[in-house]
Number of protein chains: 4
Amino acid sequence: MATKIIELEKPKLKDPIFIEGLPGIGHVGRIAATYLVEELKAKKFAELFSSHFMHYVLLQQSSAVHVLKNEFYYVKGKKGQRDMILMIGDSQSIDSEGHYEISYEVLDYMKRIGVKEIITLGGLGVGEQKETPKVIGATSDVGVEKKYKKYGINFNAGDKVGTIVGASGLFLGLAKIYGMQGICLLGETSGYPILPDPKAAEEVLKVLSKILGVKLDMSKLKKRTKEMEDFIKKIDDMQRKAVTQMMSQQMPPKKDETGKDQLSYIG
Amino acid sequence: MATKIIELEKPKLKDPIFIEGLPGIGHVGRIAATYLVEELKAKKFAELFSSHFMHYVLLQQSSAVHVLKNEFYYVKGKKGQRDMILMIGDSQSIDSEGHYEISYEVLDYMKRIGVKEIITLGGLGVGEQKETPKVIGATSDVGVEKKYKKYGINFNAGDKVGTIVGASGLFLGLAKIYGMQGICLLGETSGYPILPDPKAAEEVLKVLSKILGVKLDMSKLKKRTKEMEDFIKKIDDMQRKAVTQMMSQQMPPKKDETGKDQLSYIG
Amino acid sequence: MATKIIELEKPKLKDPIFIEGLPGIGHVGRIAATYLVEELKAKKFAELFSSHFMHYVLLQQSSAVHVLKNEFYYVKGKKGQRDMILMIGDSQSIDSEGHYEISYEVLDYMKRIGVKEIITLGGLGVGEQKETPKVIGATSDVGVEKKYKKYGINFNAGDKVGTIVGASGLFLGLAKIYGMQGICLLGETSGYPILPDPKAAEEVLKVLSKILGVKLDMSKLKKRTKEMEDFIKKIDDMQRKAVTQMMSQQMPPKKDETGKDQLSYIG
Amino acid sequence: MATKIIELEKPKLKDPIFIEGLPGIGHVGRIAATYLVEELKAKKFAELFSSHFMHYVLLQQSSAVHVLKNEFYYVKGKKGQRDMILMIGDSQSIDSEGHYEISYEVLDYMKRIGVKEIITLGGLGVGEQKETPKVIGATSDVGVEKKYKKYGINFNAGDKVGTIVGASGLFLGLAKIYGMQGICLLGETSGYPILPDPKAAEEVLKVLSKILGVKLDMSKLKKRTKEMEDFIKKIDDMQRKAVTQMMSQQMPPKKDETGKDQLSYIG
């Protein structure tokens, strides 16, 4: 199988709600979900590896390598809260086929754990930085929006959005096959993919914390985003470099190619 | 499996004829088959999802997401008519491999339901809008054309056509492996892919209704096409945007790239 | 499975020799093997379809569609001859992965039939039309060339060839895994892929007929090649058009795109 | 399966250490591992073929074809040494998916043989030829570097490297899933991929021989590299040509294309 989920622990959860936040525009979903993992001290129980991620490893502060992966965490709900599963990670699939494969694998796994409701998080590029970004909602089925009406979500997405690309959209769209329902929360952001937008993430987190009945201290969000920023820029930079190198390896050499562009390649 | 067929109902059909009409040039096949589904009040019994469709979901009028899919409908034949299965949908495969995979999956499924005859519908780009578009026929086997001779189909396709690309051609070409026979009906159209051509679809429907022994009121065809048009343009537009975004994600950045082109990306 | 072999008959053969001749440079291998099929009145016993061929069907003289395929024929050897299996066809894989997949499927099938020796046929582009093209030999293993020394084959391939791309090379290279041995015969040809070269094919056939102990009347070779030529040009032309269309579908539209280039597209 | 490992012998090894050195920048890993295979007179016990290698065969000095492959050798450790497995070869995967597939297949195979420690070898492009290239280390896990501290490895890789592309990185990164630990040794080299760098390989070998407790005579390294050079240049040249040809086959012909560029194509 080209996508592997390695289970570290078999969590016993009661009607857990599944929340996904992976890299994407403004890293809105990723920032929000990662902050939730940290603030709720969620526990990692599984990792996902995929041949639809780039074929390199990262070297961070230490000399240990880091394979691109997605991670699953759980939190037992406190009084009045439900149990939660959080999915965060370094990368989405780099091709169309992988997006479907990963969605199927994850939804299948979540179904076995007992998930019936999912919330996916993302950003919506609107071309400018808004003072107070709105949170746009898209649902898995017609009628589901009623359940979420009281949380201040803007449900006029159809007018302006058109499509939701990647995991946030596909998880929601394919949920019905697995007997799940849910919502996608999109925070308005300026739209340049690699610039993390903590403001949009904060607005998404405000709505999400109301839905989950969770009290969140937002004061560390900017600091945490700042810490994340270097890592995000590094991955993004490496992703671009790796793609350039892959292409230069597979492309026939151009006439004026001197080889100097490839000096940073490692093999 | 990368292509999933989700069965909603197990229809009991007697020697059903299978009719396929998916998006393509002038959307001739799609318009014709979709109109037939509506006019005959056909009932949906299965949906097909594939990792060979684009990895985004659509947001339509409501805020509910819509995964790209193909759909299967059936109609019990009235007196003098055969039972029918109709396949319509949002998309064809985006790669060569997927075209074969989907053809095999569908033909295998149809064989299990008992299909022995198939009719595929499409457009034939001829470079100009004809007053009365002809309907060109291509068959699964030499000799099959005799069966359809009385319906006014032009069987000189070999001279002008050369190839039939995608589902309409492959379904027909691979039918023999599954013990099926059939015909492809191609309505002459100007040839610009995204402009729906109800006139060509009408000519195809005229021939098809004779073959099926079905009386069709064509008066709503233009109106229905008009309604469909916005949706088609939106999908087409999104498909282009999504492809552009995919490529800009995977391509190394150009030197003069400012990021502004990516403002509408959602993740 | 993405490559299907449909068996029409289970031939009972004694130690058959397998001969492959598919499209390639100068269509040398294809012309030679197809001529052998015709002259020896070989009988078709299996067809191979693959999702690694283009996703269109051809329309030839009749209005019946033709899916791209490879075909297997057999001939029972007359006195002093061995039984033979001949593989000919319309296309090779359009991607690297498919080349391996098809090689594995075919060699596996041939092993089950009892093949222990294979001969693959092809052209070798040398940049000019030679008066008497040489036949260059490449073998599956060091030492195998001894077996073929008496047939006037040039075994200095290593000096000038470097690589053999596609089926002719891979079948030979992977043969060892399946307990087979053999040779690749390459006829020197000018090198323009779509121009069929009957002269090079004749030289290959001369060597091949000696190896097989078969008497071949070459007088019809030019005429047969002439007949084949139109079909080859048509396929080649369609292949190019189809690829252009696939790319224009998947590429973002260029600013000056008017859609007129796509007029011949059929869907 | 698209990647096949053909076992020639079932070696009985005690806690073997796995060492990988495949083609890459400066061919540092390949030169080092191949030299080790030769100097230690290691015995080949398995071969790996993959549909993620190029679809051609090579013709070397003899007229026998050579399919691209990876090879596994073993050496029984002498007194004070551990048993070793060495993986060398002609090629790495040509796509991202294949890199994962091959890594999984190999690690799975190594696990069954009993491997718990792996060492991967590669080059690190630094833009200039250093007098005494450093050997940079990256580890499978935080803390593993302690085990290798005494061997003069530079563990500040994180600062300058960023990513390790391909087999050397992925084997190490995915090792944990298979219960293995290890290190990647990268020799500093100028960075032009096709120029073999015996100096960097020597520095890597010095560190490696200390880890393995093996005495190595380095005097033949330059000569051996020289011998290897022609072969490497030939493969590299062929790889480029084959890719060019593949692309020109699949690309629509350019208006000024005369076919002359394709003269060396063989099929």
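A short reminder: the numbers here are calculations on the coordinates, not readings from a lab. Since the structure is predicted, the reported quantities are computational estimates derived from the model, not experimental observations. Note: ideal-geometry Cβ built from the backbone for every residue, glycine included; neighbour counts use all protein chains shown.
Which whole-Hz ³J(HN,Hα) couplings does the stretch B:2-13 yield from phi under the Karplus relation 6.51 cos²θ - 1.76 cosθ + 1.60, θ = phi - 60°, glycine and proline marked x?
7, 10, 10, 10, 9, 8, 8, 7, 9, x, 9, 10
At a Förster radius of 45 Å, what calculated FRET efficiency corresponds to the Cβ-Cβ distance of A:Thr132 and D:Gln129, to the nearest 0.05?
That gives a FRET efficiency of 0.20.
Report the FRET efficiency, 1/(1 + (r/R0)^6), for C:Glu227 and A:Asp237, where r is their Cβ-Cβ distance and R0 is 56 Å, rounded to 0.05.
Step by step, r from the Cβ atoms, then E = 0.45.
Sorted from shortest, what are the nm distances separating the label point of C:Lys14 from equivalent points in the other copies, each placed 7 Å from Cα along Cα to C-beta?
5.6, 5.6, 7.9
Taking A:Lys79 in one copy and the same position in all the others, each labelled 7 Å out along Cα→Cβ, what are the pairwise distances from the first, in nm, shortest first?
Sorted ascending, the copy-to-copy spacings read 7.3, 7.4, 10.4 nm.
Largest first and to the nearest Å, give the Cα extent of the protein assembly as shown along each principal axis.
88, 88, 50
How large are Rg and Dmax for the stretch C:14-72 when calculated on the C-alpha trace, in angstrom?
Looking at the stretch C:14-72, its Cα Rg and Dmax stand at 13.3, 40 Å.
Return A:Val142, C:Val207, C:Val28 ranked ascending by Cβ neighbour count within 10 Å, so the fewest neighbours appear first.
In increasing order of surrounding Cβ atoms, one gets A:Val142, C:Val207, C:Val28.
Considering only DSSP beta bridges whose two residues both sit in the protein assembly as shown, what percent are antiparallel, to the nearest 5?
Counting DSSP beta bridges with both partners in the protein assembly as shown, the antiparallel share is about 60 percent.
Defining the label point at 7 Å along Cα→Cβ, can you sort the distances from D:Lys220 to the same site in each other copy, shortest first, in nm?
6.0, 6.0, 8.5
Indicate the gyration tensor shape class of the stretch C:1-131 (rounded, prolate or oblate), computed on the Cα atoms with a ≥ b ≥ c the square roots of the eigenvalues: a/c under 1.5 is rounded; otherwise a/b larger than b/c is prolate and the rest oblate.
It comes out rounded by the Cα gyration axes.
Scan around A:Leu195 for amide H atoms under 5 Å from its own, H built in the peptide plane at 1.01 Å from N, and keep only partners 5 or more places away or cross-chain.
For A:Leu195, the qualifying residues are A:Gly26.
Which angle between 0 and 90 degrees, to the nearest 10, do you get for helix D:96-113 versus the longest principal axis of chain D when only C-alpha atoms count?
40
Taking a ≥ b ≥ c as the square roots of the Cα gyration tensor eigenvalues, with a/c under 1.5 meaning rounded and otherwise prolate when a/b beats b/c, else oblate, which class fits the stretch B:78-139?
In terms of gyration-tensor shape, oblate.
Taking the mean number of other Cβ atoms within 10 Å as a proxy for protection, how do you rank B:126-137, A:111-122 from highest to lowest?
Packing proxy ranking, top to bottom: A:111-122, B:126-137.
Take chain C, drop everything but the C-alpha atoms, weight them equally and run the Debye formula without solvent; then report log10 I(q)/I(0) at 0.14, 0.16 Å⁻¹ to two decimals.
With one equal scatterer per Cα and no solvent, log10 I(q)/I(0) is -0.98, -1.27.
Could you state the angle between the C-alpha long axis of helix C:198-212 and the longest principal axis of the C-alpha atoms of chain C, as a value from 0 to 90 degrees rounded to the nearest 10?
For C:198-212 against chain C, the angle is about 40 degrees.
Only bridges whose two residues both fall in the stretch D:66-210 count here: according to DSSP, what percent of them are antiparallel, nearest 5?
50
Starting at the first residue of the stretch D:220-231, write each ³J(HN,Hα) from the Karplus equation 6.51 cos²θ - 1.76 cosθ + 1.60 with θ = phi - 60°, in whole Hz, x for Gly and Pro.
My calculation for the stretch D:220-231 gives 8, 4, 5, 5, 4, 4, 4, 4, 5, 4, 4, 4 Hz in order.
Counting Lys +1, Arg +1, Asp -1, Glu -1, what net charge surrounds D:Gly89 among other residues with beta carbon under 12 Å of its beta carbon?
Residues near D:Gly89 contribute -1 overall.
Chain D: which residue's Cβ hugs the D-to-B rotation axis most tightly, distance rounded to whole Å?
D:Glu97, 6
Starting from the Cα gyration tensor of the stretch C:103-173, multiply each eigenvalue by 5, take the square root, and state the resulting semi-axes largest first in whole Å.
Semi-axes (√(5λ), whole Å): 24, 15, 11.
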